Amino acid sequence: MPRIVVFAALAFALSACMGTTTSQTEKDFTERLLFGGNKLPPQPEAPPREYGCPTLEILDGAGTYRVGDQSASGLSHQAAILDIARECKPEGNVMRIKIGVQGRFTLGAGGKPGTYSIPVRVAVRSKGQVLQSRMVPTSISVSGENDTVPFVVVDENLTVAITADDPAELYTILVGLDPQGARQPAGKKKQRR
C-alpha cells in the first residue's frame, strides 16, 4: 500500500513539474517519465524481404528438334533455342516470372513455305518434382525467299508460391522444344456393341 501511494505521488509530482494534465494518455506519461518529455525513439522498420529469381535452364535434350528424314534432302524443318532470359517480381505471396526464349527456325530441303508452330514448353520443378508444365503457343511464317527465321517467345503468366524458402533455392524453371507435346492426343473411339 505505501508503494502505491509513493508511486502515485511521484507520478503526480512529475506531471505537475512538466505541466501535464490528468487527461494525458499512458503513452505520454511513459514517454515523459522515461525520456524526459521526448517522444519514444522511432522503432526501426524491418527491412523488406529480398527474394532471388529461380534458375532458368534449357531442359536436357530439348534445345533443338528436327522434323522429317534426317538426310539433308529429306529434312522438313528444324528449330533451336539460342538464348533464354527471365525476370522476377514478387507480388504478395507469389512470385511472377516473365520468361523469354529466343531461337531460330530453319526450313529444310523437304519443307515448304508456310506457317509453322514452335512447340515451346515451360515447366517448374521443385525438389525433383514437376509442379507445372504447359505449352506456350507461338507460330511463325516462312516465305520462299528466306528459309531461316528467328523467333521469340515471351511467357508472362508463370507464377510460383513464395514460402519460407527463397524461391531461388526452391524452384527451377525449365524450357525446351517439345514437338510431341504440341500434338493433340487422339480421342478414344467408342466401341459399338
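Points worth noting:
- Boolean, Arg104 is within 20 Å of Cys53 (Cβ to Cβ), of a type outside the set (Phe, Trp, Tyr) and in a strand (DSSP E or B): no
- The numbered conditions (1) modelled with pLDDT of 90 or more; (2) part of a loop (DSSP other than H, G, I, E, B); (3) among the small types (Gly, Ala, Ser) are all true for Ala109 except (1).
- When residues of segment 90-125 are limited to those that are polar (S, T, N, Q) and out of contact with any Asp or Glu (no Cβ under 9 Å at 6 or more places or on another chain), the one surrounded by the most Cβ atoms within 10 Å (Cβ to Cβ): Ser117
- Some residue of segment 177-190 being of a type in the set (A, V, I, L, M, F, W, C) and modelled with pLDDT of 90 or more: yes
- Cβ pairs under 8 Å, 6+ apart, first in segment 52-65 and in contact (Cβ under 8 Å) with a residue 12 or more places away in the chain, second basic (Lys, Arg) and buried (at least 16 other Cβ atoms within 10 Å of the Cβ): Cys53/Arg86; Pro54/Arg86; Leu56/Arg86; Leu59/Arg121; Ala62/Arg121
The values are calculated or read from the model by the stated rules, or taken from the named source; none is laboratory data. Keep in mind the model is a prediction, meaning the values are calculated, not measured. All Cβ positions, glycine included, derive from the backbone under ideal geometry; neighbour counts span all protein chains shown.
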